[in-house]
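Participant: Take this structure first; my questions come after.
The values are calculated or read from the model by the stated rules, or taken from the named source; none is laboratory data. This one's a predicted model, so the numbers in the text were calculated from it and none came from an experiment. Virtual Cβ from ideal backbone geometry, glycine too; neighbours counted across all protein chains shown.
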Amino acid sequence: MDFKFDLARFINFRDQEALDRVRAIKKEDYTKHPNPDFKIKIIESKDQFYIEFALDLVTRIRTALEEGRDFVGILPVGPVPQYEIAARIINEFQIPCHHVHCFNMDEYADEEGNTAPAQWAGSFQMAMQRNLIEKIDPKLRPPANQIYFPTKDILQDYGKMIDDLGGADVCYGGIGWCGHIAFWEAHIGLEFGDDIESYKKAGPRLVELHPMTIMQNALHSFGGDWSAVPPKANTIGPAQILGARHRSFWLDGYLGGGVSWQRFIARLVAHGPVSTLVPGSILQTAPTDYNLLGGVADDVEIHMS
């Protein structure tokens, strides 16, 4: 029996026809896309997923080294298992990273826009140090002054800092529950309406986090405690994501037991209309590798468990 209803008010993208269409996309049809430069890949094994992510990063770092140039990468904090693997490869093969410039996508902020301190357990600065930098042999690590975060004091210059180094070689990332990329949230699109070209040029800013982002991050980083998640964050914008020479996105939001919080939004981002209200949808317009853990790509089914 069918049951019709209006969407909850906090949901920004409300094209029901598009929602119904992407929900119906079967796993066997998932990798088909009209833009051949938007490459969708499904990786069934969790171990293989993180190994391939790590190899992608290390290969780009090593290639830049061999070509005698800087590697400029935009990195997310999540997912994180690939970073330990990448560090292990770097150490095993003694790959020096003096040429690496690591621009992190975002950092939490309080209601006044003050950035979370690096020593706070929930900060992205601490997470990146613990999961990647500190695991690399000290003699191989990138210099500390080449690891950047969009803190309050440099936020307004963050995009220019990337440009001054010749732009990013690659932007890594994932997709948030509301469709965000970095912390560029769904409701920001309300400012731009249908002006997708202006939207693509928008740069770093302080943003208020979407309710879905608060809940998502509470689940995977704060033990389910939504009261522990800061209300705002500093983030890069579409200009930095699309300005990179390539985009490599990795979606691993599978909780096991047939549950994936990413299963629907991943479809909407990849196969829905390009919309300012679905931030990740702009990836469809540029050369992008869109990699999904197998459970994320499973069919969307409605059932009570």
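Participant: Filter region 98-110 down to residues that are closer than 17 Å to P204 by Cα and not aliphatic (A, V, I, L, M) and give me whichever is surrounded by the fewest Cβ atoms within 10 Å (Cβ to Cβ).
Facilitator: So in region 98-110, the residues closer than 17 Å to P204 by Cα come out as 102-110.
Subsequent filtering for residues that are not aliphatic (A, V, I, L, M) retains 102-104, 106-108, 110.
Numbers: C102: 19, F103: 23, N104: 22, D106: 20, E107: 24, Y108: 22, D110: 11.
For region 98-110, the residue satisfying everything is D110.
Participant: Would you tally the residues in region 136-173 being closer than 28 Å to Y290 by Cα, over 17 Å from the mean Cα position of the chain (by Cα) and of a type in the set (D, E)?
Facilitator: Matching residues across region 136-173 total 2.
Yes or no, residue by residue, for (1) touching a Leu at 6+ places or on another chain (Cβ under 8 Å); (2) over 28 Å from G159 (Cβ atoms); (3) surrounded by fewer than 19 Cβ atoms within 10 Å (Cβ to Cβ); (4) at pLDDT 95 or above:
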position	(1), (2), (3), (4)
G68	no, no, yes, yes
P76	no, no, no, yes
N91	yes, yes, yes, yes
I95	yes, yes, yes, yes
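Participant: Also: Quickly run through region 113-131 and pick out the residues that are assigned to a loop (DSSP other than H, G, I, E, B), under 18 Å from I154 (Cα atoms) and in contact with a strand residue (DSSP E or B) (Cβ under 8 Å, 6 or more places away or on another chain).
Facilitator: G113, A116, S123
Participant: Oh, and also: Considering only region 132-148, I want to know if a residue exists there that is more than 18 Å from R245 (Cα to Cα), polar (S, T, N, Q) and assigned to a loop (DSSP other than H, G, I, E, B). Spell out the reasoning first.
Facilitator: So the first thing to find is which residues in region 132-148 are more than 18 Å from R245 (Cα to Cα), and the list is 132-148.
Right, trim to polar (S, T, N, Q) and you get 145-146.
Checking which are assigned to a loop (DSSP other than H, G, I, E, B) leaves us with none.
Checking region 132-148: not a single residue is more than 18 Å from R245 (Cα to Cα), polar (S, T, N, Q) and assigned to a loop (DSSP other than H, G, I, E, B).
Participant: Every residue in region 153-168 that is in contact with a Ser or Thr (Cβ under 9 Å, 6 or more places away or on another chain) and outside any helix (DSSP H, G or I), please.
Facilitator: D153 - this is the single residue of region 153-168 that is in contact with a Ser or Thr (Cβ under 9 Å, 6 or more places away or on another chain) and outside any helix (DSSP H, G or I).
Participant: A further question follows. Could you tell me whether any residue of region 39-62 is surrounded by fewer than 11 Cβ atoms within 10 Å (Cβ to Cβ), within 30 Å of T276 (Cβ to Cβ), aliphatic (A, V, I, L, M) and modelled with pLDDT of 95 or more? So that I can check it myself, show each step before the final result.
Facilitator: To start, the set of residues in region 39-62 that are surrounded by fewer than 11 Cβ atoms within 10 Å (Cβ to Cβ) comprises 47.
With within 30 Å of T276 (Cβ to Cβ) added as a condition, the list becomes none.
No: zero hits.
Participant: Output the residues belonging to region 23-57 that are among the polar types (S, T, N, Q), more than 19 Å from F264 (Cα to Cα) and not in a helix (DSSP H, G or I). Explain how you work it out, then say what you get.
Facilitator: Initially, region 23-57 is screened for residues among the polar types (S, T, N, Q), giving 31, 35, 45, 48.
Next, from what is left, pick out any that are more than 19 Å from F264 (Cα to Cα): 35, 45, 48.
Passing the criteria: N35, S45.
Participant: Something else: State all residues of region 145-190 that are basic (K, R) and in contact (Cβ under 8 Å) with a residue 24 or more places away in the chain; if no residue qualifies, say none. Lay out the reasoning, then the answer.
Facilitator: Taking region 145-190 as the starting set, the residues that turn out to be basic (K, R) are 152, 160.
K152, the sole residue that qualifies.
Participant: Of all residues in region 278-300, which are in contact with a helix residue (DSSP H, G or I) (Cβ under 9 Å, 6 or more places away or on another chain), surrounded by fewer than 23 Cβ atoms within 10 Å (Cβ to Cβ) and not hydroxyl-bearing (S, T, Y)?
Facilitator: Of the residues in region 278-300, the ones in contact with a helix residue (DSSP H, G or I) (Cβ under 9 Å, 6 or more places away or on another chain) are 278-286, 289-300.
Then drop every residue that is not surrounded by fewer than 23 Cβ atoms within 10 Å (Cβ to Cβ), which leaves 282, 284-286, 289, 291, 294-295, 298-300.
Selection gives I282, Q284, A286, D289, N291, G294, G295, D298, D299, V300.
Participant: All but one of (1) among the aromatic types (F, W, Y); (2) within 29 Å of L165 (Cβ to Cβ); (3) surrounded by fewer than 22 Cβ atoms within 10 Å (Cβ to Cβ) hold for F264, so report the exception by its number.
Facilitator: F264 satisfies all of (1) among the aromatic types (F, W, Y); (2) within 29 Å of L165 (Cβ to Cβ); (3) surrounded by fewer than 22 Cβ atoms within 10 Å (Cβ to Cβ) except (2).
Participant: Being touching a residue at least 24 places away in the same chain (Cβ under 8 Å), at negative phi and not basic (K, R) is the filter here; which residues of region 241-258 pass it?
Facilitator: Hits for region 241-258 are I241, L242, G243, A244, H246, S248, F249, W250, L251, D252, G253, Y254.
Participant: Please note which strands (runs of 3 or more DSSP E) are completely contained in region 195-305 and include at least 2 residues that are closer than 23 Å to R9 by Cα, among the basic types (K, R) and out of contact with any strand residue (DSSP E or B) (no Cβ under 8 Å at 6 or more places or on another chain).
Facilitator: Correct list: empty, since no element meets the threshold.
Participant: Something else: Of the residues that make up region 257-276, is at least one out of contact with any helix residue (DSSP H, G or I) (no Cβ under 6 Å at 6 or more places or on another chain) and polar (S, T, N, Q)?
Facilitator: The answer is no, given that none of the residues of region 257-276 is out of contact with any helix residue (DSSP H, G or I) (no Cβ under 6 Å at 6 or more places or on another chain) and polar (S, T, N, Q).
Participant: Further, regarding this structure: Quick check on region 1-25: of everything there that is modelled with pLDDT of 95 or more, among the basic types (K, R) and farther than 21 Å from G174 by Cα, which residue is surrounded by the most Cβ atoms within 10 Å (Cβ to Cβ)?
Facilitator: Applying the filter and picking the extreme gives R21.
Participant: Now for a separate question. How many residues does region 224-261 contain that are at pLDDT 95 or above, buried (at least 21 other Cβ atoms within 10 Å of the Cβ) and more than 18 Å from Y172 (Cα to Cα)?
Facilitator: 1
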